[in-house]
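Participant: Input: one structure, supplied below.
Here, each number is a calculation from the coordinates, and none is a lab measurement. Given the structure is predicted, the values throughout are model-derived calculations rather than measurements. Note that each Cβ is placed from the backbone with ideal geometry, even for glycine, and that neighbours are counted across all protein chains shown.
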Amino acid sequence: MSPNPVTKRLVKAVVALELLGLFGVYGLFHTMNSSRDFRNTVNRRFPSILEVYYQSNEWAGVNGIREGDHEAWSAKQD
């Protein structure tokens, strides 16, 4: 028994949305990973997203990004 066309279209749409989300998250991570200024913008607008970025890096063993950002941002304000 083959699935009906509506089910096929729905499955394709869900897979497409998941891929779009995956590439979007990767793009966000890559931009955050390469730009301290962008991380500062994210910190002001969406601090919870930046916290997830810091925690994922710390979990992966990449330490010191949070501290470096805070030092740079506080020096910029002076």
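Participant: Pick from the range 1-44 the residues that are of a type in the set (Lys, Arg) and touching an Asp or Glu at 6+ places or on another chain (Cβ under 8 Å): which of them is nearest to GLY68 (Cα to Cα)?
Facilitator: For the range 1-44, the residue satisfying everything is ARG36.
Participant: To continue, here is another question. Collect the residues in the range 60-77 that are of a type outside the set (A, V, I, L, M, F, W, C) and within 17 Å of ILE49 (Cα to Cα), keeping them in residue-number order.
Facilitator: ARG66, GLU67, ASP69, HIS70, listed by residue number.
Participant: How many of the residues in the range 17-62 are of a type in the set (D, E, K, R) and in contact (Cβ under 8 Å) with a residue 24 or more places away in the chain?
Facilitator: Total meeting the criteria: 2.
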